[in-house]
Amino acid sequence: MDSGALFERLRGLCMSMPEATEKPSHGESAWFIRGKSMFAISSDRHHDDRVAFWCAAPAGAAEALVARDGTRYFVPPYVGHRGWLGVYLDVDPVDWEEVEDLVTEAWRAVAPKRLRESFDAEAERA
């Protein structure tokens with residue numbers, strides 16, 4: 001799958017989150033909540049020759065995933081020290097269910113409390 005198709009699929013996951021918006025940041029597509037709090041950003045060979053995305057992650061999750069599988073996950077520059085996770089999309093096959101879970105957790109990590117609680121309550125009803 002080419003990087004355009006990979007990012008379109010990622011875009012669909014990010015934009016499916018409540019009150020998600022998209023705007024460029026540092027030359028890449030980035031997804032925010034209410035246009036303010038970034039929860040994910042694409043990385044199309046921006047810092048290396050890899051296709052990936054970076055996302056917010058719950059405390060300790062990035063370290064655990066990188067330790068588990070350093071061929072799929074990495075600590076991204078600039079934001080990795082804040083617990084963000086890098087996910088390579090140029091691996092075969094991409095586990096899209098896991099990517100969806102990571103996007104959801106990234107969104108939850110930065111969502112305002114009331115919005116997160118509303119989202120969680122809706123998920124429980126579904």
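The values are calculated or read from the model by the stated rules, or taken from the named source; none is laboratory data. Small disclaimer: the values here were computed from a predicted structure and weren't measured. Heads up, the Cβs are rebuilt from the backbone with ideal geometry, glycines too, and the neighbour counts pull from every protein chain shown.
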### Query
In this structure, is Ala30 touching a helix residue (DSSP H, G or I) at 6+ places or on another chain (Cβ under 7 Å), closer than 30 Å to Glu122 by Cβ, modelled with pLDDT of 95 or more and hydrophobic (A, V, I, L, M, F, W, C)?
no
### Query
On the given criteria, is Phe32 surrounded by 13 or more Cβ atoms within 10 Å (Cβ to Cβ) and free of Cβ contacts under 8 Å to residues at least 24 places away in the same chain?
yes
### Summary
Scanning segment 63-79 for residues that are outside any loop (DSSP other than H, G, I, E, B) and out of contact with any helix residue (DSSP H, G or I) (no Cβ under 7 Å at 6 or more places or on another chain), the one surrounded by the most Cβ atoms within 10 Å (Cβ to Cβ) turns out to be Leu65
### Hits in segment 87-99 (condition: in a helix (DSSP H, G or I) and buried (at least 16 other Cβ atoms within 10 Å of the Cβ))
Val99
### Query
In segment 44-62, is there at least one residue being touching a helix residue (DSSP H, G or I) at 6+ places or on another chain (Cβ under 8 Å), at pLDDT 95 or above and loosely packed, with under 15 Cβ neighbours inside 10 Å?
no
### Task
Could you please find all residues in segment 4-27 being surrounded by 16 or more Cβ atoms within 10 Å (Cβ to Cβ) and either modelled with pLDDT under 90 or touching an Asp or Glu at 6+ places or on another chain (Cβ under 6 Å) (or both)?
Leu13
### Query
Glu105 passes all but one of (1) more than 12 Å from the chain's Cα centre (by Cα); (2) surrounded by fewer than 17 Cβ atoms within 10 Å (Cβ to Cβ); which number fails?
(1)
#### Entry: Hits in segment 4-58 (condition: within 18 Å of Tyr73 (Cβ to Cβ) and either part of a loop (DSSP other than H, G, I, E, B) or hydroxyl-bearing (Ser, Thr, Tyr) (or both))
Ser42, Ser43, Arg45, His46, His47, Asp48, Asp49, Arg50, Ala56, Ala57, Pro58
